[in-house]
Amino acid sequence: MSDLQLADDVREALDDVLDPCLLAAGHQMSVLGLGLISRVEEQAGDIEVAITFTEVGCQFTHRVIASIEDRLESLGRFNQIRVRPDWSVPWTPERMEPGPREALDEGRVRLAGRLGLQAAIQSHIDTGK
Amino acid sequence: MSRPFVIDGVCHPYNFAQENLNGRFGRIFNDVMHSFHPLVNPPGRALSREEWERDWQPQEFIETMLLESWTDMCAVHSTPIYDAYADGLVTNEKGAWLKERYPDRVIWYTCADLFDERDKVLRTLEENLDRGADGVKLYPSRYVDGFTESWRMDSREIAFPVFELAQRYGVRNVAVHKALPIGPISSEGMLVDDISAAANCFPDMNFQIVHAGFMFVEETSMLLRNHPNIYATMEASMLFTILDPPHQAKLFGEFFAAGGFEKVIYASAAVNPHPQVVVDALTAFQMPEGSPFQLSADTRALVMGGNLARLHGIDLEARKNKLAQDSFEQHRQSNGLLEPWTCVRRSTPNE
């Protein structure tokens, strides 16, 4: 889990931007909850956000960046907004915030139940994968 | 061990200069493209951001490709990405210049912007076919004022007239950007299903799915299996040889199983990665033990050049002999390869 210090409105904005792949899989998880945001710097009315992705070469890089910029712009208090990909921070499940992580695990358990794969999925959850 | 004859299936003299960026989309595009640069180029070999943000000139581009890597021929794709870049990112002028100057080293895919008015599209395409284009590069989506527009490869009104014109010129290769959304565009333009009807209606033309492997892998595999004239050109997706080799093995496994080794085309996306970095990665790449699709010298040579040569009717032995006398080959044989980025660094910025 990251230790980002965020202004309330920025936190709320980043929490509004949903990860498109998890959304397609039926989970509403924000880029913040998923742990994609690696750095946020506010300075002199500007904001710069660094974001990693769950896999290198994610096809939705442009879309997610544009969505974050749109949402930050809607706050109306920044002169310049810059969201950049930062592949130097590899994403791991440990970067997820506890609440979203638990919600995702619950969803996986439900799905595993339907597929008869409870033991396998529980093993993944127990080992933090 | 002898080297295969390498034809880079897609490489570009990009214009990443700041003054070429079109608004926020252009800035994001540049940021994303640059973010991969230090990942795929080994430490110490990446250009600084300032060096990287340049308008690559055709001469420094071709010297980088041919004097700094064991690439033998380049398929230069012009691009009509006008929503992000004022000049479209890679102009037709650069492609035409390279084709005119180095006809035996360059395969030029002229770009056509099919969002333009049809008469203008065909007129411009005709001019570029007259200038020696060997193929046509198409982009099926664009992002304008917060909206996405797309056209389909099976459109009789939009796409087929382009194929018919190319046919009249004896040009048989069409490459279409698919499987990798650029910009916050909708994904429907990136689907590959529309290529099926085009391939059926134009059986004597070849259709390359550029960026094959990023999305719709199963659908792409079906097309490779089902159509003798559809190919997977793995621009950027081939960088998984560096970034995620197990994933590359999975993609190769899917495509080789569907279409054989004859349907996959090497493409480096240089000069974002340095071309030799990708040549090295693919030369060293091995399929996992037990895979029925091991890369032998012969099958690797097909992927790295033989397949594209076949598509363009190039006799590799004859071409190799011809190129042995040119200044690039003479220089390489006498001096070996130049250090990466020598050619661009000796040019003045944005010369």
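Side notes on the structure shown:
- Computed from the Cβ-Cβ distance with R0 of 51 Å, the FRET efficiency linking A:L111 to B:S347 stands at 0.35.
- Label-point separation, A:D46 to B:E149 (7 Å along Cα→Cβ), nm: 3.4 nm
- Shown is the FRET efficiency for B:S296 and A:F60, computed with R0 = 35 Å from the Cβ-Cβ distance and rounded to the nearest 0.05: 0.45.
- On the beta carbon distance between A:Q122 and A:D16, with R0 = 41 Å, the FRET formula returns roughly 0.80.
- By the helix-only formula, in which each DSSP H run with n ≥ 4 contributes -39500 (n - 2.57) and the sum is divided by residues, chain B has a 222 nm mean residue ellipticity of -11500 deg cm²/dmol.
- Average partner coverage of A:53-66, which counts Cβ from other chains inside 10 Å: 6
- When +1 charges are put on Lys and Arg Cβ atoms and -1 charges on Asp and Glu Cβ atoms, the dipole computed for the protein assembly as shown relative to its Cα centre reaches about 1200 debye.
- When each of B:H34, B:H12, B:H177 is scored by the number of other beta-carbon atoms lying within 10 Å, the sequence from fewest to most is B:H34, B:H12, B:H177.
- Exercise: per-residue mean of other protein chain Cβ atoms within 10 Å, A:74-86: 2
- Chain B, dipole about Cα centre (Lys/Arg Cβ +1, Asp/Glu Cβ -1), debye to the nearest 20: 540 debye
- Net charge dipole, segment B:4-74: roughly 320 debye, given to the nearest 20, about the Cα centre with Cβ charges of +1 for Lys and Arg and -1 for Asp and Glu.
- Chain B: Cα Rg divided by the 2.2 N^0.38 Å rule of thumb: 0.92
- Computed per residue of chain A from DSSP H runs no shorter than four, each worth -39500 (n - 2.57), the mean residue ellipticity at 222 nm is -12500 deg cm²/dmol.
- Extending 7 Å from the Cα toward the beta-carbon at both B:Q330 and B:E50 defines two label points whose distance is 3.7 nm.
Every read-out reported here was derived from the displayed coordinates using simple, explicitly stated rules and does not represent laboratory data. These figures come from a predicted structure and were not determined experimentally. So basically every Cβ, Gly included, is an ideal-geometry build from the backbone, and we count neighbours across all protein chains shown.
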